[in-house]
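So the structure is just underneath, and the comments pick up after that.
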Amino acid sequence: MTRRERQELIDKGHLLPLMEEFYTIQGEGFHKGTAAYFVRIGGCDVGCHWCDVKESWLAELHPPTATEKIVENAVNYSDTIVVTGGEPLTWDMGPLTEQLKAKGVQTHIETSGAYKLTGEWDWICLSPKKVKLPKEEIYEKAHELKCIVYNKDDLRFAEEQASKVNENCILYLQPEWSKRDKMMPLIVNYVMANPKWKVSLQTHKYLNIP
C-alpha cells in the first residue's frame with residue numbers, strides 16, 4: 001500500500017490510529033459501573049494541560065488500524081463499546097460505528113465536540129473544553145454533559161455549556177483528578193445549591209482499574 005493510499009483510507013475512516021483497546025468497567029458518568037470495551041483513538045489538538053493521556057495527542061505514534069480489526073476485537077468482549085481518545089472526532093467515525101451497529105452492540109463516544117459529529121451513537125458524552133469549544137450541532141444530540149472542574153471558573157464555564165444542551169441531557173461536574181481534594185468540597189456545595197447538576201467521579205481510579 002502506498003502512503004497516498006493509506007492516507008485516503010485514514011481520511012475515509014477505514015483506518016484509525018489505534019492507541020489502545022481494553023475491557024474494563026466504565027468509571028465515569030451515567031454508565032459508571034458498566035462493563036465496557038474501550039477503544040482509544042490517537043490524535044488530539046485540544047491540548048488540555050491536565051490531560052492524563054497526553055501520549056494520545058500525536059496520531060503518528062499510533063498504528064493505522066483497520067476498522068474491521070477493531071470491531072472484531074471489540075465484539076468478542078462486550079456489547080457496550082466506548083470510543084474515546086485523544087479526540088475521536090478528529091477522524092470519520094462513520095465506518096467504525098456502522099460496522100459495530102451491524103454487530104448489534106451499543107456505541108458510546110467520549111468527545112470534546114470540537115470537530116464535526118460523525119458516526120451513529122447510542123450515547124454521546126460531551127466533555128467541552130475552553131480552549132476549543134464544541135461545534136453547535138452536538139449540543140442538541142449530547143446525552144450527558146461532563147464538565148471537568150480544575151478551578152472555580154470552570155463552574156461558570158459549566159453553566160455556560162449547560163445552557164446550550166438539550167433538555168434531556170444529564171449534567172455532571174467532575175473534579176480534575178490532581179485537584180480533587182480541593183475541588184470536591186466546592187463541587188458538593190455547588191450541586192447541593194444547584195441540583196440540576198450531578199457529581200461524577202473517576203471511580204476507576206479509586207478502584208485501581210484501567
Members of the stretch 46-64 that are in contact with a strand residue (DSSP E or B) (Cβ under 7 Å, 6 or more places away or on another chain), in contact (Cβ under 8 Å) with a residue 40 or more places away in the chain and within 20 Å of Pro134 (Cα to Cα): Val46, Cys48
Which residues, counting only those in the stretch 154-175, are surrounded by fewer than 19 Cβ atoms within 10 Å (Cβ to Cβ) and among the charged types (D, E, K, R)? Arg156, Glu159, Glu160, Lys164, Glu167
Considering only residues that are more than 23 Å from Ser178 (Cβ to Cβ), part of a loop (DSSP other than H, G, I, E, B) and either among the hydrophobic types (A, V, I, L, M, F, W, C) or within 12 Å of the chain's Cα centre (by Cα) (or both), which ones fall in the stretch 119-142? Trp121, Leu133, Ala142
If you check Lys179, Lys146, which single one turns out to be surrounded by 12 or more Cβ atoms within 10 Å (Cβ to Cβ), in a strand (DSSP E or B) and among the charged types (D, E, K, R)? Lys146
In the stretch 83-111, which residues are touching a residue at least 40 places away in the same chain (Cβ under 8 Å) and surrounded by fewer than 23 Cβ atoms within 10 Å (Cβ to Cβ)? Thr84, Thr90, Asp92, Gly94, Pro95
State all residues of the stretch 162-205 that are under 22 Å from Ala35 (Cα atoms), hydroxyl-bearing (Ser, Thr, Tyr) and free of Cβ contacts under 8 Å to residues at least 40 places away in the same chain; if no residue qualifies, say none. none
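A short reminder: the numbers here are calculations on the coordinates, not readings from a lab. Worth saying up front: this structure is predicted, and the values here are computed from it rather than measured. Reconstructed Cβ throughout: ideal geometry from the backbone, glycine too, with neighbour counts over all protein chains shown.
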